[in-house]
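The values are calculated or read from the model by the stated rules, or taken from the named source; none is laboratory data. Bear in mind that the values here come from a model prediction, so they are computed numbers and not experimental data. In this analysis, Cβ positions are derived from the backbone assuming ideal geometry, glycine residues included, and neighbour counts consider all displayed protein chains.
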Amino acid sequence: MYKPLEITKDIFYVGVNDRTKHLFENLWPLPHGVSYNSYLIRDEKTTLIDTVDICYSDLFFHKIQSVLGDKPIDYLIVNHMEPDHSGSIGLLVARYPGIQIVGNKRTVEMLRGFYGITANVVLIQDMEELSLGRHTLQFYMTPMVHWPETMMTYVPEKRTLFSADAFGTFGSLDGGVMDRQLNPERYRDEMIRYYANIVGKFGSPVQTALKKLTGTEMELLCSTHGPVWTQKENITEVIGLYDRLSRYEADKGLVIAYGSMYGNTEQLAEIIACEAAENGIMNIVMHNLSKSHESDILRDVFKYKGLIIGSPTYNNKLFPGVESLVAALQNRNLKNRFFGCFGSFTWADASARELIAFAEESDFEFITEPVIMKQGMLKEVVEKARGMARCMAHKLVSGEEVVPNNKVNCH
Ligand code: FEO
């Protein structure tokens, strides 16, 4: 029933699309779905690279069968144990009882912990090789991209890298599986959103992994999510994007994220945005934290170098949506940003104080003192807000580097 999908000689795509789930990890919206990619290598030793979410195991097994018929699978390589890729291992073992499962020390612990699997497990070390016949597998340990057991598998004969979640993206594969069969532009923002939400905390391990890959020739880049990258310019772009994101480098642009109960704080945000635009910032994204999903805000914050956050004081704290965003940014160790903030209050100011505390703990350049509004919009508050916008525009337009000066003397 399924036509085998051979992405290069003797390597087949046997992954699936999920257009049903609303939330990835039960957290992150999937407006365009997601794919769980798995690959099958046909050789003297038949080998599967990762599995798929258990909800799609039936379809997955049909796809494997379309390639192999009734032949057995010799090896399963487990690059990543998160259940969106390991979920079908138990059923796979039941169907192919002779299969040997290949992983590192952390994988072996997790196979036992998640699935009670201890038999037919092959323990491999960093840079170890396994011959399948015409193909060799080389194992690169890439811990904390984004789980501790994460590794990548390289096939030198095909210059093919199976990279686990790295270089992955949200978005299902609608028709084509390889980049030359589809419009890669569709995935760019979703790749940034995927990175910011799933991998964003682990910039340093991503850098370590990228260094390990230096000099590795790649004609096929096979992630566990999203398109198979086959075009040289796309492979270069995708790796370059991961490199920039994991260094917390960003484009010229400004995110203004704010909470607002009755619209006063929002008006301050509008004033800042208009002034920033008048002063030459073209990429401005405004997020009302009561409406925008945090995953979209994180994407944009990873994308742009300017960040201004505004919040009313609520129960002597930050407005709840702002508090949640600040926690998410701290969790991801966001750095290398020009930062400004504004706060509003009615009888006791707390929001500006908390935003200052956040900035002081981060590697940001605090561009100017916070704008603080009591109750309504006074002329001097408007002037200060415009001043902050002009200062941000100057920093971004001039192309200055961020100089962390997170000690703010404006309490
Ligand atoms: Fe796609 Fe970390 O699982």
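In segment 70-80, which residue that is assigned to a loop (DSSP other than H, G, I, E, B) and more than 23 Å from the chain's Cα centre (by Cα) is surrounded by the fewest Cβ atoms within 10 Å (Cβ to Cβ)?
If we filter segment 70-80 for residues that are assigned to a loop (DSSP other than H, G, I, E, B), which is where we start, we get 70-74, 78-80.
Subset that is more than 23 Å from the chain's Cα centre (by Cα): 70-74.
Numbers: ASP70: 5, LYS71: 12, PRO72: 11, ILE73: 19, ASP74: 19.
In this case the residue turns out to be ASP70.
What pairs come out if I take residues in segment 145-166 that are of a type in the set (Asp, Glu) and pair them with residues that are away from the ligand (no atom under 12 Å from the Cβ) and part of a strand (DSSP E or B) whose C-beta lies under 8 Å away, six or more apart or interchain?
GLU149/GLY103; GLU157/THR136
Going through GLU185, GLU217 one at a time, which residue ends up being closer than 25 Å to PRO143 by Cβ, away from the ligand (no atom under 16 Å from the Cβ) and not β-branched (Val, Ile, Thr)?
On the way: GLU185 fails: closer than 25 Å to PRO143 by Cβ.
That would be GLU217, the only listed residue that is closer than 25 Å to PRO143 by Cβ, away from the ligand (no atom under 16 Å from the Cβ) and not β-branched (Val, Ile, Thr).
Go through LEU307, LEU329, LEU254 for me and flag whichever is in a helix (DSSP H, G or I), at negative phi, modelled with pLDDT of 95 or more and of a type in the set (A, V, I, L, M, F, W, C).
Working: LEU307 fails: in a helix (DSSP H, G or I); LEU254 fails: in a helix (DSSP H, G or I).
None of the other options fit; the residue is LEU329.
In the list GLY175, GLY226, which residue meets the criterion of being within 14 Å of the ligand (Cβ to nearest atom) and on the phi > 0 side of the Ramachandran plot? Outline the logic, then answer.
Details: GLY175 fails: within 14 Å of the ligand (Cβ to nearest atom).
None of the others qualify; the one that does is GLY226.
Would you pick out the residues in segment 81-100 that are near the ligand (Cβ under 10 Å from one of its atoms) and either assigned to a helix (DSSP H, G or I) or more than 25 Å from ILE198 (Cβ to Cβ) (or both)?
If the condition is that a residue be near the ligand (Cβ under 10 Å from one of its atoms) and either assigned to a helix (DSSP H, G or I) or more than 25 Å from ILE198 (Cβ to Cβ) (or both), then PRO83, ASP84, HIS85, SER86 are the ones that fit.
Give the residues of segment 79-100 that are touching a Leu at 6+ places or on another chain (Cβ under 9 Å) and without any contact (Cβ under 8 Å) to a residue 60 or more places away in the chain, sorted by residue number. If you could, list the steps in order and put the result at the bottom.
Here is the first cut: in segment 79-100, the ones touching a Leu at 6+ places or on another chain (Cβ under 9 Å) are 81, 86, 89, 92-93, 96, 99-100.
SER86, ILE89, LEU92, VAL93, TYR96, ILE99, GLN100 - these are the residues of segment 79-100 that are touching a Leu at 6+ places or on another chain (Cβ under 9 Å) and without any contact (Cβ under 8 Å) to a residue 60 or more places away in the chain.
When ALA359 is evaluated against the numbered criteria (1) at pLDDT 95 or above; (2) of a type in the set (A, V, I, L, M); (3) in a helix (DSSP H, G or I), which criterion, by number, is the only one it fails?
With respect to (1) at pLDDT 95 or above; (2) of a type in the set (A, V, I, L, M); (3) in a helix (DSSP H, G or I), ALA359 is out only on (1).
Please verify whether segment 18-37 includes one or more residues that are in a strand (DSSP E or B), in contact with a Cys (Cβ under 9 Å, 6 or more places away or on another chain), more than 14 Å from the ligand (Cβ to nearest atom) and not polar (S, T, N, Q).
We begin by selecting, within segment 18-37, every residue in a strand (DSSP E or B); these are 18, 23-24, 28-29, 34-36.
Going one step further and asking which of them are in contact with a Cys (Cβ under 9 Å, 6 or more places away or on another chain), we end up with 18.
Then drop every residue that is not more than 14 Å from the ligand (Cβ to nearest atom), which leaves none.
The answer is no; no qualifying residue exists.
Could you identify the single residue in LYS291, LYS252 that is of a type in the set (Lys, Arg) and under 21 Å from the mean Cα position of the chain (by Cα)? If you could, list the steps in order and put the result at the bottom.
Numbers: LYS291 fails: under 21 Å from the mean Cα position of the chain (by Cα).
The conditions single out LYS252.
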